[in-house]
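What follows is one structure encoded as C-alpha cells, with my remarks underneath.
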Amino acid sequence: MDIHWAALGGVFGVSLGITLLTVVLFSLGVAAQPRGDGGDHGGERSRGANRTATAAALLCFGACLAVAVYGLTLIIGG
C-alpha cells in the first residue's frame, strides 16, 4: 500500500479552506441579519441600509447552501 502524501495534503488543504470559507460566510450572514431586521424609525436612508444588510445576509446564507449542496452531490453522486 502506497500513500500519495501530496494528494492527501492537497485534499486536506482544500477541505480546510472550504470549511473556513463556509464558516466565515455563515458568520457574516448571522452578523448582517439583525441589521436588516431593524424597524422603520430611521427614515428612507435607514430602509435602504436595512435592505442592503438583508440582501447581504441572504447572499451569505445562499452561498453556504450552495457549498453544502455541492458537497452532497459529490458524496451522493450525480
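So which residues in region 50-72 are hydroxyl-bearing (S, T, Y) and more than 21 Å from D37 (Cα to Cα)?
First, the residues of region 50-72 that are hydroxyl-bearing (S, T, Y): 52, 54, 70.
Answer for region 50-72, where residues must be hydroxyl-bearing (S, T, Y) and more than 21 Å from D37 (Cα to Cα): just Y70.
Matching residues to (1) in a helix (DSSP H, G or I); (2) small (G, A, S); (3) at pLDDT 90 or above:
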position: M1; (1), (2), (3): no, no, no
position: A6; (1), (2), (3): yes, yes, yes
position: G39; (1), (2), (3): no, yes, no
position: E44; (1), (2), (3): yes, no, no
position: G48; (1), (2), (3): yes, yes, no
position: L59; (1), (2), (3): yes, no, yes
position: L74; (1), (2), (3): yes, no, yes
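For region 1-23, taking the residues that are surrounded by 10 or more Cβ atoms within 10 Å (Cβ to Cβ) and among the small types (G, A, S), the one that is farthest from Y70 (Cα to Cα) is identified as G9.
The values are calculated or read from the model by the stated rules, or taken from the named source; none is laboratory data. Just so we're clear, the structure is a prediction, and the values are computed from it rather than from any experiment. Methodologically, a virtual Cβ is constructed for each residue, glycine included, from the backbone with ideal geometry; neighbour enumeration extends over all protein chains shown.
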